[in-house]
Amino acid sequence: MSSPRVGSKQRKTAETDISVSINLDGTGKADISTELGFYNHMLEAFARHGRFDLEIRATGDLEVDTHHTIEDVAIVLGQAIDSALGDRGGIVRMGDATVPLDEALVQSVIDISGRSHAEVNFSFGPDAIGEVPAEMVPHVFHSLANGARLTVHIRQLAGKNNHHIAEAAMKALGRALDMATTRDPRIAGLVPSTKETLTD
């Protein structure tokens with residue numbers, strides 16, 4: 001049996017202090033503390049529906065704004081995912097998931113390409129979601145894609161409730177990433193690219 005793919009990263013600046021550990025071959029256990037209740041909820045949904053074991057500890061300058069904490073957690077989570085993927089050999093590479101939550105419907109498509117790119121389309125109302133400004137939700141996906149070197153497309157297909165849209169998006173991201181990171185026994189050890197690399 002292959003060993004679990006685990007990645008851990010830390011980042012400490014004058015604005016935030018963050019540590020993240022992820023096991024891509026987990027069962028969906030999450031231990032999240034970002035000091036932001038709805039952000040915790042989003043990240044727990046990502047882990048649960050992606051079947052990732054995820055631990056995050058984050059403190060930040062919330063007296064200034066939530067922006068630095070939200071952004072930096074997403075960056076470090078992406079970097080931990082990148083670390084866990086190693087040379088990206090033997091994986092399916094691409095994943096696609098569409099997730100409903102009541103009236104909301106969101107699609108996430110991922111390519112573990114080695115190239116950082118995100119196209120994110122939401123139509124949020126103006127209200128914050130708990131302590132998380134609605135404008136920061138797409139920024140999470142951009143920052144995570146940059147940290148993990150993923151190509152990510154997320155499209156809101158339906159929805160009016162900000163909470164439902166954001167939560168469906170995180171669940172869809174988790175499910176698509178789970179699909180993309182799945183080991184394919186037909187190509188064990190081989191990198192699924194005509195370039196023969198997904199890291200350069």
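For ASP127 and GLU35 in the same chain, what is the full-extension length gain: residue separation times 0.36 nm, less their Cα-Cα distance, in nm? Each step should come with its number before you reach the end.
Values: separation 92, 0.36 × 92 = 33.12 nm, distance 1.96 nm.
Here the answer is 31.2 nm.
Under the rule of -39500 (n - 2.57) per DSSP H run of 4 or more residues, summed and divided by the residues of the chain, what mean residue ellipticity at 222 nm is obtained, to the nearest 500 deg cm²/dmol?
-11000 deg cm²/dmol
With the chain treated as a Gaussian network of Cα nodes joined by springs under 10 Å, which of PRO133, PRO185, PRO100 yields the largest mean-square fluctuation?
With Cα springs under 10 Å in the chain, the top fluctuation among PRO133, PRO185, PRO100 is at PRO185.
Given axes a ≥ b ≥ c from the Cα gyration tensor, I'd like to know whether region 126-200 is rounded (a/c under 1.5), prolate (a/b larger than b/c) or oblate.
Prolate.
Lysine pairs, Cα distance under 24 Å, 8 or more residues apart or cross-chain: how many in the chain?
For the chain, qualifying lysine pairs total 4.
What is the angle, in °, between the Cα long axis of helix 162-181 and the longest principal axis of the Cα atoms in the chain? Nearest 10 is fine, range 0 to 90.
10
In debye, nearest 20: dipole of the chain around its Cα centre with unit charges on the Cβ of K, R (+) and D, E (-)?
920
Just in region 137-200: which trypsin sites (Lys or Arg not before Pro) are loop by DSSP and have at most 11 other Cβ atoms within 10 Å?
Hits after loop and neighbour filter: LYS195.
Would you please name the GluC sites (Glu not before Pro) within region 55-159 that are DSSP coil residues with at most 14 other C-beta atoms within 10 Å of their C-beta?
Listed in order of number, the matching sites are GLU63, GLU103, GLU135.
Between helix 37-50 and the chain, what is the angle of the helix's C-alpha long axis to the longest principal axis, kept within 0 to 90° and rounded to the nearest 10?
Orientation of helix 37-50: about 20 degrees from the principal axis.
If a paramagnetic tag sat 7 Å from the Cα of ALA188 along the Cα-Cβ line, which residues of region 1-33 would have the backbone N under 20 Å from that point?
Taking a point 7 Å out along Cα→Cβ of ALA188, the residues of region 1-33 whose backbone N falls under 20 Å are 1-6, 24-26.
Values in this text are rule-based calculations from the coordinates and carry no lab data. Source: prediction; values computed, not measured. Positions of Cβ are backbone-derived with ideal geometry, glycine not excepted, and every protein chain shown enters the neighbour counts.
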